[in-house]
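One structure below.
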Amino acid sequence: MRPIWPIWPIIIFNQGKKMNRAEFDFATLCEVVHNFNLQGDVFRAERYGSGHINDTYKIGVNLAGSPINYILQRINHSIFKQPDQLMENILRVTEHQRSKLSSGSDVDASRKSLTVVAAKDGLPYVRDDAGNWWRVYLFIEKAQTWDRIENNNFAFEAAKAFAGFQNQLADIPGGRLHETIPDFHHTPKRIETLDRAVAEDSHGRVAEVQAEIDFVNQRREECARLIRRCEAGEIPERITHNDTKINNVMLDDASGKGICVIDLDTVMPGLALYDFGDVVRSAAAASREDEQDLTKVGTRIEIFESLVEGYLSEATFLNEAELEELAFSGRLITMTIGIRFLTDYLSGDQYFRTHREGQNRDRCRVQFQMVRSMEAQADAMEAVVRAVSKSVSPGRCS
Ligand code: ADP
Ligand code: GN1
Ligand code: MG
């Protein structure tokens, strides 16, 4: 009889790809997994997902004859300086979500928030001899993440799920969450870091990207817009996700609805607009994030409309100032991420995982081309927000 999963332990590497990250072999991964409080025998460890930051593996465990999957992740501790505080945040967030979900009798609750599997010593992480930090989550089955969205309905559901996540966390008890990366979306500070990288020119790349540096210089003023309104008390701080890239929400295979928001490393105080902005950047993009043919790059207004509809169907907490800036938020976040890709390119690709030379430069060029596209469509995007907010709450916008 044919087995339903491979008998021999296997590991799948990113063979032949240039990576700026370490790889771990099967034996090492098994050793790490054995320190977690899970039963069964590991038969597979496969690199998983397309995230730029952590090292993610899908682990297959044979549990008394049934194959069970887990997600094993190495937390990137050169980026997240205090992984213990980060895991404390994640436990608080997921337990709060869970308390809301289980208040009914939802048999699918363990697919609707991440579940951290504790280590054998009770901690929510394991440290290996090399100083790496590892964590394990239950694997959410029958759902997918998408790097690109082709379907208005998926856009609606993804944006709705991110708004629902903000809603769920609005009343999280226990004081302020740790800031796992301070000033994460502070665009003026991101520009200061870019200025330093330009002045240093440590890899001799400034001349090649002078057009992109000029592009930023022409837009310095507007990059401070949301921070200023926040400082003026017009836009409130909320608990936000801060990394609402489209592949950080899992959509249910059967219903197409957002089932679980994942990648919770940056959940901390922030602006709701940044979360909406990053969904626009990633979901309304007409191309891949690193597309080299800029004629294919742009922002799709019909997807944008579905995102606004999905987000506003759930984000009923937004104030007038937030609504006024909703269309602009996509442009600002796209600009900010472009600045970060550019800075990383100038600094020798230290931060974002790359698979080829020039990838961060190309990612930056795509972001800036999308900013141009959003600038050209600014009036249409504003009109979409006005029309949708009027239909969602007729008394609110004229
Ligand atoms: P990164 O910070 O590197 O982006 P993520 O936490 O987003 O890492 O994980 C990378 C990918 O792994 C996700 O896009 C998703 O496809 C998959 N993934 C993460 N967590 C789970 C989970 N609990 N169940 C199933 N798939 C998951
Ligand atoms: C990173 O981890 P991932 O791939 O979901 C980054 C985001 C960027 C994104 C760009 C912690 O997200 O801020 O927007 O790449 N995450 C972190 O694709 O820096
Ligand atoms: Mg991710």
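The values are calculated or read from the model by the stated rules, or taken from the named source; none is laboratory data. Everything numeric here is computed off the predicted structure, so don't read it as measured data. Note: ideal-geometry Cβ built from the backbone for every residue, glycine included; neighbour counts use all protein chains shown. When the accessible area is computed, the model is the full protein with side chains, heavy atoms only, and any ligands, DNA or RNA have been set aside. Shrake-Rupley method; radii C 1.70, N 1.55, O 1.52, S 1.80 Å.
Of the chymotrypsin sites (Phe, Trp or Tyr not before Pro) in the stretch 288-362, which ones lie in a loop per DSSP and count no more than 15 other C-beta atoms within 10 Å?
Those satisfying the criteria are F317.
Where in the chain lies the longest segment free of trypsin sites (Lys or Arg not before Pro) that are both loop residues by DSSP (not H, G, I, E, B) and have at most 12 other Cβ atoms within 10 Å?
Here the longest run is 221-355.
Taking the Cα centre as origin and putting +1 on Lys and Arg beta-carbons and -1 on Asp and Glu beta-carbons, what dipole magnitude results for the chain, to the nearest 20 debye?
500 debye
Provide the per residue accessible area, probe 1.4 Å, for the chain, rounded to a whole number of square angstrom.
44 Å²
Using modelled backbone amide H atoms (1.01 Å from N, in-plane), which distant-in-sequence or interchain residues come within less than 5 Å of M268's amide H?
T240
Pairs of alpha-carbon atoms within less than 8 angstrom and 6+ residues apart define the contacts here; what relative contact order does the stretch 10-141 have, in percent?
23 percent
For Q350 and A321, calculate 0.36 nm times their separation in residues minus their Cα-Cα distance, and state this gained length in nm to one decimal.
Full extension from Q350 to A321 adds 6.8 nm.
Can you name the helices of the chain, as whole DSSP H runs, whose Cα span along the helix axis is 15 Å or more and whose Kyte-Doolittle mean is not below -0.5?
TM-like helix candidates: 152-169, 272-283, 301-314, 320-346, 378-392.
Where q = 0.19, 0.21, 0.23, 0.28 Å⁻¹, what log10 of I(q)/I(0) comes from the Debye formula for the stretch 73-139, counting one point per Cα?
Results for the stretch 73-139 at q = 0.19, 0.21, 0.23, 0.28 Å⁻¹ read -0.77, -0.89, -1.00, -1.26.
Farthest toward the dipole's positive end in the chain, which of V280, S202, C30, given Cβ charges of +1 (Lys, Arg) and -1 (Asp, Glu) about the Cα centre?
C30
If one computes the Cα centroid of the stretch 63-85 and of the stretch 30-58, what distance in Å separates the two points?
6 Å
Averaging sequence separations of C-alpha pairs under 8 Å and six or more residues apart, then dividing by the length of the stretch 306-398, give the relative contact order as a whole percent.
35 percent
Add -39500 (n - 2.57) for each DSSP H run of 4 or more in the chain, then divide by its residues: what number comes out at 222 nm, to the nearest 500 deg cm²/dmol?
Theoretical 222 nm ellipticity from helices: -13000 deg cm²/dmol.
Determine the relative contact order of the chain: mean sequence separation of Cα pairs under 8 Å and six or more apart, normalised by residue count, in whole percent.
18 percent
Counting Lys and Arg as +1 and Asp and Glu as -1, what is the net charge of the other residues whose Cβ lies under 13 Å from the Cβ of E375?
0
Mean 1/r over all different Cα pairs, inverted: what Kirkwood radius does the stretch 152-392 give, in Å?
One decimal place: 18.2 Å for the Kirkwood radius.
Mind jotting down a quarter of the surface of the convex hull over the alpha carbons of the stretch 31-166, in square nanometres, one decimal?
9.9 nm²
For the stretch 275-351 and the stretch 100-148, what is the separation of their Cα centres, given in Å?
Spelled out, the Cα-based centre of one part sits 27 Å from the other.
Over the stretch 10-141, with every protein chain in place, what whole percent of the accessible area is carbon and sulfur at 1.4 Å, could you tell me?
After summing per-atom areas, the C and S share lands at 49 percent.
With +1 on each Lys and Arg Cβ and -1 on each Asp and Glu Cβ, and nothing else charged, work out how big the dipole of the stretch 10-141 is about its Cα centre, in Debye to the nearest 20.
Computed about the Cα centre, the dipole is about 420 debye.
Would you mind checking K58/K100; K160/K189; K58/K120; K100/K120; K112/K160; K142/K296 for any pair whose Cα atoms are more than 24 angstrom apart?
The answer is K58/K100; K160/K189; K100/K120; K142/K296.
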